[in-house]
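Since the structure comes first, as structure tokens, the remarks are kept for the end.
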Amino acid sequence: MKSFLKINLMLCLLVSVSAVQAQVDIKINPVGLIFSRAIVSAEFGVKDNIGIEVHGGVGWPSISISDEKFKSNTVRYGLNGRYYFSPDKGIDRFYAGIYTRFVNGEMTSTADDGRVKRNRASGGVLIGYKVIARNERLVFDFGLGLGRVFTNKFTPNSEGQESLDLSDIPFLNIDAPLFLTVGYRL
């Protein structure tokens, strides 16, 4: 239910921001497909040098531990705020900002049909550079961030088993997003 409310809140934000300014960049992260993730984002120009980006998508990664294979189905979403230094064509060039990322989903074990719910929340700072092609439509956005994982909880569906929160373990609570997106300016 919380995820449903968060998604609705983000959609309301999208509608209100899109009414403020007409500049919108729709982007996709093709590198995410290598890691079994499909992420789409929309960035709205709120002012000449401020952008708000909303992103969402799905993930289906699988991992193997010993002889046991785990399949995962997740929903990913988040919100970024960006400040552009010396923009040229709207919201472009070097930027710095803050980000949030949320992951909700379920992992399934192929060995014993066990199911584990996963909730992850992280946030931090980001920097990047956005290039607009000569046609002023094609967009390339490169960025990286550094932050903290606030929650990385695994909750088994079986009774009698405890939840595991990996965000309390040093070095597992570091979040470092790296992205390369390609998009189109509307």
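The values are calculated or read from the model by the stated rules, or taken from the named source; none is laboratory data. From a predicted model like this one, the values you see are computed outputs, not experimental measurements. Please note: Cβ atoms are built from the backbone with ideal geometry, for glycine as well, and neighbour counts cover all protein chains shown. Quick note on the areas: whole protein, heavy atoms, side chains included, nothing else; ligands and nucleic acids left out. Shrake-Rupley method; radii C 1.70, N 1.55, O 1.52, S 1.80 Å.
Sorted by accessible area with a 1.4 angstrom probe, largest first, how do Val125, Val54, Val182 fall?
Values: Val125 85, Val54 20, Val182 50 Å².
Listed by decreasing accessible area, they come as Val125, Val182, Val54.
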- prompt: Expressed as a whole percent, how much of the Cα-Cα distance distribution for the range 37-136 exceeds 19 Å?
  reply: 55 percent
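Could you calculate the contour length gain from Ala38 to Phe150, that is, 0.36 nm times the residue separation minus the distance between their Cα atoms, to one decimal place in nm? Show your work: numbers first, answer last.
On the way: separation 112, 0.36 × 112 = 40.32 nm, distance 2.31 nm.
Full-extension gain reported as 38.0 nm.
How large is the charge dipole for the chain, taken about the Cα centre, if only the Cβ atoms of Lys, Arg (+1) and Asp, Glu (-1) carry charge, to the nearest 20 debye?
Details: 22 positive and 18 negative charges, 107 e Å.
That gives the chain a dipole magnitude of about 520 debye.
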field: Accessible heavy-atom area order of Glu159, Glu136, Glu68, Glu53, highest first, probe of 1.4 Å
entry: Glu159, Glu136, Glu68, Glu53
- request: Any chance you could list the semi-axes, whole Å, largest first, of the equivalent ellipsoid that the Cα gyration tensor gives for the chain, using √(5λ)?
  value: 34, 16, 15
- line: Going residue by residue through the range 166-171, the Karplus relation 6.51 cos²θ - 1.76 cosθ + 1.60 with θ = phi - 60° gives ³J(HN,Hα) values, rounded to whole Hz and with x marking Gly or Pro, of 7, 6, 7, 8, x, 6
query: Along the range 53-70, what does the Karplus equation 6.51 cos²θ - 1.76 cosθ + 1.60 (θ = phi - 60°) give for ³J(HN,Hα), rounded to whole Hz, x for Gly and Pro?
result: 10, 10, 10, x, x, 10, x, 9, x, 10, 10, 10, 10, 6, 9, 9, 10, 10
Heavy atoms of Ser62: accessible area, 1.4 Å probe, square angstrom to 10: 60 Å²
- prompt: Considering only Leu138, Gly105, Asn157, whose Cα is most displaced toward the positive end of the charge dipole of the range 100-186, charges sitting on Cβ of Lys, Arg (+1) and Asp, Glu (-1)?
  reply: Leu138
- request: Please name whichever of Ile28, Gly147, Val125 sits farthest to the positive end of the charge dipole of the chain, dipole taken about the Cα centre and charges placed at Cβ: Lys and Arg +1, Asp and Glu -1.
  value: Ile28
- request: Determine how large the accessible area of Lys153 is when every protein chain is in place; take a 1.4 Å probe and give Å² rounded to the nearest 10.
  value: 80 Å²
- prompt: Helix 2-20 versus the longest principal axis of the chain: what angle, 0 to 90°, nearest 10, using Cα atoms?
  reply: 0 degrees
